[in-house]
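**Student:** Sending over a structure as structure tokens; questions will come in a sec.
Read the figures in this text as sums done on the coordinates, not as results from a lab. Please read all numbers here as calculations on a predicted model, not as lab measurements. Virtual Cβ from ideal backbone geometry, glycine too; neighbours counted across all protein chains shown.
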Amino acid sequence: MVRFAPLNISAYSPGRFAYLMESPFARNVWAFLTDNDNLSTMLSAVDSGMPAILPLRDEIEVRFGPDLASADYRDDDAVVLVNNMIKQIMELCGYEFVACGIVHGARFFTSSGVYRKLGEA
């Protein structure tokens with residue numbers, strides 16, 4: 001198994017989600033997404049042409065469901081934050097966004113990014 005250098009949350013640029021960064025939710029999502037096994041799983045999905053979130057979707061929805069559904073966050077910011085974190089993680093790993101992919105059977109995520117290795121057509 002490939003081991004990845006730790007991706008510290010300070011590498012994340014929250015933009016309009018800065019208000020969420022003070023919550024344990026945001027830090028916990030980042031830790032979950034950058035866990036070596038989960039990162040490897042996302043990269044395998046991406047290399048197979050699937051949205052990065054797809055193999056982790058169910059676990060994310062169960063683990064973070066209360067936050068994803070919370071009225072404490074504006075609109076669907078918690079859901080968008082997860083996708084935004086995935087996008088930045090993929091970029092840090094040398095991938096680029098190419099399209100949104102449909103995520104079937106999800107409660108919170110209807111679409112998520114599809115990526116490819118930089119320089120691949």
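**Student:** What tally of residues in segment 75-99 results from selecting those that are in contact (Cβ under 8 Å) with a residue 40 or more places away in the chain and under 23 Å from Ser40 (Cβ atoms)?
**Tutor:** Pass one, segment 75-99, residues in contact (Cβ under 8 Å) with a residue 40 or more places away in the chain: 77-78, 80-82, 84-86, 88-90, 92-93, 95.
Then drop every residue that is not under 23 Å from Ser40 (Cβ atoms), which leaves 81-82, 84-86, 88-90, 92-93, 95.
Adding up the residues that qualify gives 11.
**Student:** Going by the conditions given, is Arg116 part of a strand (DSSP E or B), more than 11 Å from the chain's Cα centre (by Cα), touching a residue at least 40 places away in the same chain (Cβ under 8 Å) and over 19 Å from Gly15 (Cα atoms)?
**Tutor:** Working: part of a strand (DSSP E or B): yes; more than 11 Å from the chain's Cα centre (by Cα): yes; touching a residue at least 40 places away in the same chain (Cβ under 8 Å): yes; over 19 Å from Gly15 (Cα atoms): yes.
Yes; evaluated as a whole, the condition is true for this residue.
**Student:** Can you tell me which residues in segment 99-108 are in a loop (DSSP other than H, G, I, E, B) and over 22 Å from Ile9 (Cβ atoms)? So that I can check it myself, show each step before the final result.
**Tutor:** Taking segment 99-108 as the starting set, the residues that turn out to be in a loop (DSSP other than H, G, I, E, B) are 103-108.
Val103, His104, Gly105, Ala106, Arg107 - these are the residues of segment 99-108 that are in a loop (DSSP other than H, G, I, E, B) and over 22 Å from Ile9 (Cβ atoms).
**Student:** Scan the helices (runs of 4 or more DSSP H) fully inside segment 1-86 and keep the ones with 3 or more residues being among the aliphatic types (A, V, I, L, M) and either surrounded by 12 or more Cβ atoms within 10 Å (Cβ to Cβ) or on the phi > 0 side of the Ramachandran plot (or both). Steps first, please.
**Tutor:** Details: elements: 24-34, 36-47, 57-68.
The qualifying helices (runs of 4 or more DSSP H) are 24-34, 36-47.
**Student:** Glu96 passes all but one of (1) over 12 Å from Phe109 (Cβ atoms); (2) assigned to a helix (DSSP H, G or I); which number fails?
**Tutor:** Of (1) over 12 Å from Phe109 (Cβ atoms); (2) assigned to a helix (DSSP H, G or I), only one is false for Glu96: (2).
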